[in-house]
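The values are calculated or read from the model by the stated rules, or taken from the named source; none is laboratory data. As the structure is a computational prediction, the values presented were derived from the model and not from experiment. Cβ placement follows ideal geometry from the backbone for every residue including glycine, while neighbour counts extend to all protein chains displayed. Quick note on the areas: whole protein, heavy atoms, side chains included, nothing else; ligands and nucleic acids left out. Shrake-Rupley method; radii C 1.70, N 1.55, O 1.52, S 1.80 Å.
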Amino acid sequence: MGSSCNNSSVNGFYNFITQGLNELHQSFHSHNFMSIQFISEMLSSLQSFNSHLIILVQKLCLPVGGKWLDEYMDESSRLWDVCHVLKSAISGIDNYCSASSNIASIVDGFHHLTPQVSHQTYMQVIRAINICQREILGLQEENKSLMETRIHTLSQCLNQNISMESKLNEFNGFRGVLYAMKIVNSLLLMILLCGVAYCWSSSCFHQQVYEGHVVFGSGFMVSMERLQQKVAEEIEQINGQPGILLLEFQQAKIAMEELKVELERIVSYETRHEIQAKVDKLKRCFGLLRCGVETITGQLDDFFDEIVEGRKKLLDMCSHK
(Lines give C-alpha, C1' and ligand atoms only; values in the text may rest on other atoms or scores of the structure.)
Protein backbone atom coordinates (compact mmCIF):
# COMPACT_ATOMS: atom_id res chain seq x y z
CA MET A 1 0.00 0.00 0.00
CA GLY A 2 2.83 2.41 0.95
CA SER A 3 4.70 1.69 -2.27
CA SER A 4 1.52 2.23 -4.32
CA CYS A 5 0.90 5.54 -2.52
CA ASN A 6 4.49 6.65 -3.15
CA ASN A 7 4.24 5.79 -6.86
CA SER A 8 0.99 7.69 -7.12
CA SER A 9 2.48 10.75 -5.40
CA VAL A 10 5.63 10.72 -7.55
CA ASN A 11 3.67 10.28 -10.78
CA GLY A 12 1.32 13.04 -9.70
CA PHE A 13 4.29 15.34 -9.20
CA TYR A 14 5.66 14.58 -12.68
CA ASN A 15 2.21 15.27 -14.12
CA PHE A 16 2.07 18.56 -12.22
CA ILE A 17 5.42 19.66 -13.69
CA THR A 18 4.35 18.55 -17.18
CA GLN A 19 1.15 20.58 -16.96
CA GLY A 20 3.04 23.62 -15.65
CA LEU A 21 5.60 23.46 -18.47
CA ASN A 22 2.81 23.10 -21.04
CA GLU A 23 1.08 26.16 -19.60
CA LEU A 24 4.32 28.14 -19.85
CA HIS A 25 4.60 27.11 -23.50
CA GLN A 26 1.01 28.25 -24.12
CA SER A 27 1.67 31.56 -22.38
CA PHE A 28 3.75 32.67 -25.37
CA HIS A 29 0.40 33.42 -27.05
CA SER A 30 -0.79 35.72 -24.26
CA HIS A 31 2.41 37.47 -23.12
CA ASN A 32 5.05 39.32 -25.09
CA PHE A 33 8.33 37.42 -25.01
CA MET A 34 10.60 38.53 -22.15
CA SER A 35 8.07 41.10 -20.93
CA ILE A 36 7.60 41.69 -17.20
CA GLN A 37 4.46 39.50 -17.38
CA PHE A 38 6.43 36.71 -19.07
CA ILE A 39 9.27 36.91 -16.52
CA SER A 40 6.78 37.03 -13.66
CA GLU A 41 5.01 33.89 -14.91
CA MET A 42 8.32 32.01 -15.26
CA LEU A 43 9.24 32.99 -11.72
CA SER A 44 5.79 32.00 -10.40
CA SER A 45 6.17 28.55 -11.98
CA LEU A 46 9.63 28.16 -10.45
CA GLN A 47 8.13 28.96 -7.04
CA SER A 48 5.16 26.64 -7.57
CA PHE A 49 7.27 23.65 -8.69
CA ASN A 50 9.59 23.94 -5.71
CA SER A 51 6.71 24.47 -3.29
CA HIS A 52 5.06 21.26 -4.53
CA LEU A 53 8.34 19.42 -4.11
CA ILE A 54 8.21 20.11 -0.36
CA ILE A 55 4.62 18.84 -0.23
CA LEU A 56 5.70 15.65 -2.05
CA VAL A 57 8.57 14.98 0.37
CA GLN A 58 6.14 15.14 3.27
CA LYS A 59 4.05 12.40 1.60
CA LEU A 60 6.95 10.02 0.92
CA CYS A 61 8.38 7.65 3.51
CA LEU A 62 12.01 8.75 3.36
CA PRO A 63 14.77 7.63 5.74
CA VAL A 64 15.64 10.10 8.48
CA GLY A 65 18.83 12.02 7.72
CA GLY A 66 19.38 10.03 4.51
CA LYS A 67 21.37 11.10 1.49
CA TRP A 68 18.14 12.41 -0.06
CA LEU A 69 18.19 15.30 2.43
CA ASP A 70 21.78 16.23 1.53
CA GLU A 71 20.88 16.17 -2.17
CA TYR A 72 17.83 18.36 -1.59
CA MET A 73 19.86 20.82 0.49
CA ASP A 74 22.50 21.02 -2.27
CA GLU A 75 19.87 21.80 -4.90
CA SER A 76 18.07 24.38 -2.76
CA SER A 77 21.44 26.07 -2.07
CA ARG A 78 22.13 26.22 -5.81
CA LEU A 79 18.67 27.69 -6.37
CA TRP A 80 19.31 30.28 -3.65
CA ASP A 81 22.66 31.30 -5.18
CA VAL A 82 21.35 31.73 -8.74
CA CYS A 83 18.29 33.64 -7.51
CA HIS A 84 20.70 36.05 -5.81
CA VAL A 85 22.29 36.63 -9.23
CA LEU A 86 18.78 37.42 -10.52
CA LYS A 87 18.23 39.79 -7.60
CA SER A 88 21.52 41.53 -8.32
CA ALA A 89 20.59 41.96 -11.99
CA ILE A 90 17.16 43.36 -11.07
CA SER A 91 18.81 45.78 -8.61
CA GLY A 92 21.03 47.00 -11.46
CA ILE A 93 17.96 47.75 -13.59
CA ASP A 94 16.40 49.57 -10.63
CA ASN A 95 19.52 51.75 -10.32
CA TYR A 96 19.26 52.47 -14.04
CA CYS A 97 15.66 53.61 -13.51
CA SER A 98 16.85 55.96 -10.77
CA ALA A 99 19.46 57.47 -13.11
CA SER A 100 16.71 58.09 -15.67
CA SER A 101 14.69 60.17 -13.18
CA ASN A 102 17.15 63.03 -13.75
CA ILE A 103 16.07 63.15 -17.40
CA ALA A 104 12.41 63.28 -16.40
CA SER A 105 12.97 66.13 -13.93
CA ILE A 106 14.69 68.22 -16.62
CA VAL A 107 12.27 67.54 -19.47
CA ASP A 108 9.22 68.22 -17.32
CA GLY A 109 9.92 71.89 -18.03
CA PHE A 110 9.58 71.56 -21.78
CA HIS A 111 6.14 73.21 -21.82
CA HIS A 112 7.70 76.37 -20.35
CA LEU A 113 10.72 76.71 -22.62
CA THR A 114 11.80 80.09 -23.89
CA PRO A 115 14.40 80.80 -26.58
CA GLN A 116 16.83 81.95 -23.87
CA VAL A 117 16.85 78.62 -21.98
CA SER A 118 16.21 76.12 -24.78
CA HIS A 119 19.87 75.52 -25.66
CA GLN A 120 20.88 75.15 -22.02
CA THR A 121 18.02 72.70 -21.37
CA TYR A 122 18.88 70.78 -24.51
CA MET A 123 22.46 70.34 -23.30
CA GLN A 124 21.30 69.26 -19.83
CA VAL A 125 19.02 66.58 -21.24
CA ILE A 126 21.64 65.30 -23.68
CA ARG A 127 24.13 65.01 -20.82
CA ALA A 128 21.59 63.16 -18.68
CA ILE A 129 20.81 60.77 -21.54
CA ASN A 130 24.51 60.13 -22.17
CA ILE A 131 24.97 59.29 -18.47
CA CYS A 132 22.07 56.82 -18.67
CA GLN A 133 23.44 55.22 -21.81
CA ARG A 134 26.84 54.77 -20.15
CA GLU A 135 24.97 53.28 -17.18
CA ILE A 136 23.44 50.70 -19.55
CA LEU A 137 26.85 49.71 -20.92
CA GLY A 138 28.28 49.36 -17.41
CA LEU A 139 25.28 47.39 -16.22
CA GLN A 140 25.47 44.95 -19.13
CA GLU A 141 29.22 44.44 -18.71
CA GLU A 142 28.75 43.76 -15.01
CA ASN A 143 25.95 41.29 -15.74
CA LYS A 144 28.02 39.62 -18.45
CA SER A 145 30.81 38.89 -15.95
CA LEU A 146 28.25 37.64 -13.46
CA MET A 147 26.74 35.32 -16.06
CA GLU A 148 30.03 33.91 -17.30
CA THR A 149 30.45 32.15 -13.95
CA ARG A 150 26.84 30.89 -13.87
CA ILE A 151 25.68 30.02 -17.38
CA HIS A 152 28.22 27.21 -17.82
CA THR A 153 26.93 25.35 -14.75
CA LEU A 154 23.31 25.72 -15.85
CA SER A 155 24.15 24.58 -19.39
CA GLN A 156 25.99 21.54 -18.05
CA CYS A 157 22.96 20.57 -16.02
CA LEU A 158 20.67 20.91 -19.05
CA ASN A 159 23.05 18.83 -21.17
CA GLN A 160 23.03 15.82 -18.87
CA ASN A 161 21.65 12.60 -20.33
CA ILE A 162 19.60 10.18 -18.30
CA SER A 163 21.47 6.90 -18.27
CA MET A 164 20.73 5.66 -14.77
CA GLU A 165 17.02 4.88 -14.63
CA SER A 166 17.45 2.45 -11.71
CA LYS A 167 19.20 5.04 -9.53
CA LEU A 168 16.46 7.58 -10.23
CA ASN A 169 14.00 5.25 -8.47
CA GLU A 170 15.97 5.38 -5.23
CA PHE A 171 14.41 6.92 -2.10
CA ASN A 172 10.91 5.88 -3.22
CA GLY A 173 11.44 7.71 -6.51
CA PHE A 174 12.56 10.94 -4.84
CA ARG A 175 15.97 10.93 -6.52
CA GLY A 176 14.24 11.00 -9.92
CA VAL A 177 11.97 13.82 -8.76
CA LEU A 178 14.95 15.80 -7.49
CA TYR A 179 16.76 15.25 -10.79
CA ALA A 180 13.64 16.48 -12.60
CA MET A 181 13.55 19.59 -10.44
CA LYS A 182 17.24 20.22 -11.00
CA ILE A 183 16.90 20.40 -14.78
CA VAL A 184 13.58 22.27 -14.70
CA ASN A 185 15.08 24.78 -12.26
CA SER A 186 18.08 25.14 -14.59
CA LEU A 187 15.92 25.84 -17.64
CA LEU A 188 13.69 28.40 -15.92
CA LEU A 189 16.66 30.10 -14.27
CA MET A 190 18.45 30.26 -17.63
CA ILE A 191 15.39 31.94 -19.19
CA LEU A 192 15.10 34.39 -16.29
CA LEU A 193 18.80 35.26 -16.40
CA CYS A 194 18.64 35.87 -20.17
CA GLY A 195 15.72 38.21 -19.54
CA VAL A 196 17.03 40.36 -16.70
CA ALA A 197 20.81 39.78 -16.63
CA TYR A 198 22.49 38.95 -19.97
CA CYS A 199 21.91 36.83 -23.07
CA TRP A 200 24.59 36.06 -25.65
CA SER A 201 22.42 34.21 -28.17
CA SER A 202 19.91 31.38 -28.47
CA SER A 203 22.77 28.83 -28.50
CA CYS A 204 22.41 27.95 -24.81
CA PHE A 205 18.89 26.69 -25.56
CA HIS A 206 19.73 24.77 -28.74
CA GLN A 207 21.90 21.73 -28.28
CA GLN A 208 20.08 19.76 -25.60
CA VAL A 209 18.52 16.49 -26.74
CA TYR A 210 17.03 14.53 -23.88
CA GLU A 211 17.13 10.77 -23.67
CA GLY A 212 15.04 8.47 -21.54
CA HIS A 213 11.93 10.66 -21.51
CA VAL A 214 9.62 7.83 -22.62
CA VAL A 215 10.17 6.01 -19.32
CA PHE A 216 11.37 8.73 -16.98
CA GLY A 217 9.10 11.40 -15.59
CA SER A 218 5.87 10.60 -17.42
CA GLY A 219 6.90 12.61 -20.46
CA PHE A 220 7.67 15.88 -18.65
CA MET A 221 11.00 16.04 -20.49
CA VAL A 222 9.14 16.26 -23.80
CA SER A 223 7.29 19.32 -22.50
CA MET A 224 10.52 20.77 -21.19
CA GLU A 225 12.33 20.32 -24.50
CA ARG A 226 9.41 21.93 -26.34
CA LEU A 227 9.55 24.98 -24.06
CA GLN A 228 13.30 25.18 -24.49
CA GLN A 229 13.06 25.10 -28.28
CA LYS A 230 10.36 27.77 -28.23
CA VAL A 231 12.58 30.08 -26.17
CA ALA A 232 15.46 29.52 -28.64
CA GLU A 233 13.18 30.40 -31.58
CA GLU A 234 11.94 33.57 -29.89
CA ILE A 235 15.48 34.73 -29.10
CA GLU A 236 16.46 34.18 -32.74
CA GLN A 237 13.50 36.27 -33.89
CA ILE A 238 14.59 39.17 -31.70
CA ASN A 239 17.91 39.08 -33.54
CA GLY A 240 19.34 41.87 -31.40
CA GLN A 241 22.66 42.58 -29.77
CA PRO A 242 23.74 40.48 -26.75
CA GLY A 243 22.54 41.99 -23.49
CA ILE A 244 19.44 42.33 -21.33
CA LEU A 245 16.38 41.02 -23.21
CA LEU A 246 13.70 42.37 -20.85
CA LEU A 247 11.12 43.96 -23.16
CA GLU A 248 10.35 47.00 -21.00
CA PHE A 249 14.07 47.64 -20.59
CA GLN A 250 14.54 47.58 -24.37
CA GLN A 251 11.54 49.87 -24.88
CA ALA A 252 12.94 52.40 -22.40
CA LYS A 253 16.30 52.32 -24.21
CA ILE A 254 14.62 52.96 -27.57
CA ALA A 255 12.46 55.77 -26.15
CA MET A 256 15.57 57.44 -24.73
CA GLU A 257 17.40 57.22 -28.06
CA GLU A 258 14.36 58.62 -29.89
CA LEU A 259 14.23 61.60 -27.53
CA LYS A 260 17.95 62.21 -28.02
CA VAL A 261 17.57 62.16 -31.82
CA GLU A 262 14.61 64.56 -31.63
CA LEU A 263 16.52 66.95 -29.38
CA GLU A 264 19.37 67.01 -31.85
CA ARG A 265 16.93 68.27 -34.49
CA ILE A 266 15.76 71.25 -32.45
CA VAL A 267 15.67 74.29 -34.68
CA SER A 268 12.43 76.03 -33.72
CA TYR A 269 9.42 75.91 -31.44
CA GLU A 270 7.48 74.15 -34.18
CA THR A 271 9.19 70.88 -33.22
CA ARG A 272 8.46 71.19 -29.50
CA HIS A 273 5.20 69.22 -29.60
CA GLU A 274 7.09 66.30 -31.19
CA ILE A 275 9.64 66.44 -28.41
CA GLN A 276 6.91 66.44 -25.76
CA ALA A 277 5.44 63.28 -27.29
CA LYS A 278 8.88 61.62 -27.02
CA VAL A 279 9.22 62.88 -23.44
CA ASP A 280 5.83 61.43 -22.50
CA LYS A 281 6.74 58.11 -24.11
CA LEU A 282 10.04 58.00 -22.22
CA LYS A 283 8.35 58.67 -18.89
CA ARG A 284 5.71 56.04 -19.61
CA CYS A 285 8.36 53.44 -20.53
CA PHE A 286 10.40 54.07 -17.40
CA GLY A 287 7.25 54.04 -15.27
CA LEU A 288 6.35 50.57 -16.58
CA LEU A 289 9.92 49.36 -16.14
CA ARG A 290 10.16 50.59 -12.55
CA CYS A 291 6.77 49.02 -11.71
CA GLY A 292 7.89 45.72 -13.24
CA VAL A 293 11.19 45.77 -11.34
CA GLU A 294 9.28 46.22 -8.08
CA THR A 295 7.00 43.27 -8.96
CA ILE A 296 9.89 40.91 -9.78
CA THR A 297 11.84 42.03 -6.69
CA GLY A 298 8.83 41.25 -4.50
CA GLN A 299 8.45 37.80 -6.09
CA LEU A 300 12.13 37.01 -5.57
CA ASP A 301 11.99 38.09 -1.94
CA ASP A 302 8.96 35.84 -1.40
CA PHE A 303 10.81 32.98 -3.09
CA PHE A 304 13.84 33.42 -0.82
CA ASP A 305 11.49 33.15 2.18
CA GLU A 306 9.94 29.98 0.69
CA ILE A 307 13.34 28.35 0.14
CA VAL A 308 14.31 29.02 3.76
CA GLU A 309 10.93 27.75 5.00
CA GLY A 310 11.16 24.61 2.84
CA ARG A 311 14.61 23.72 4.18
CA LYS A 312 13.40 24.28 7.74
CA LYS A 313 10.31 22.08 7.20
CA LEU A 314 12.37 19.15 5.96
CA LEU A 315 14.95 19.49 8.73
CA ASP A 316 12.15 19.66 11.32
CA MET A 317 10.45 16.66 9.73
CA CYS A 318 13.65 14.60 10.04
CA SER A 319 14.32 15.71 13.62
CA HIS A 320 10.80 14.72 14.76
CA LYS A 321 10.80 11.23 13.19
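The table for this structure:
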| read-out | value |
| --- | --- |
| Computed E for Ser48/Asn239 - FRET, C-beta separation, R0 35 angstrom, nearest 0.05 | 0.65 |
| His52, His206, His31, ranked by accessible area, largest first (probe 1.4 Å) | His206, His52, His31 |
| Nearby lysines by direct alpha-carbon distance to Lys281 (threshold 25 angstrom, same-chain neighbours under 8 apart not counted) | Lys253, Lys260 |
| Two-site FRET efficiency, Ile131 against Glu23, from Cβ-Cβ distance with R₀ of 41 Å, rounded to 0.05 | 0.50 |
| Cα centre as origin, Lys/Arg/Asp/Glu Cβ charges: the stretch 1-89 dipole, Debye | 120 |
| Full-stretch length increase - Cys318, Gln120 - with 0.36 nm per residue and alpha-carbon distance subtracted | 64.4 nm |
| Arg175 accessible area, 1.4 Å probe, all protein chains in place, Å² to nearest 10 | 40 |
| Lysines with Cα under 25 Å of Lys313, excluding same-chain neighbours fewer than 8 positions away | Lys59, Lys67, Lys87, Lys182, Lys321 |
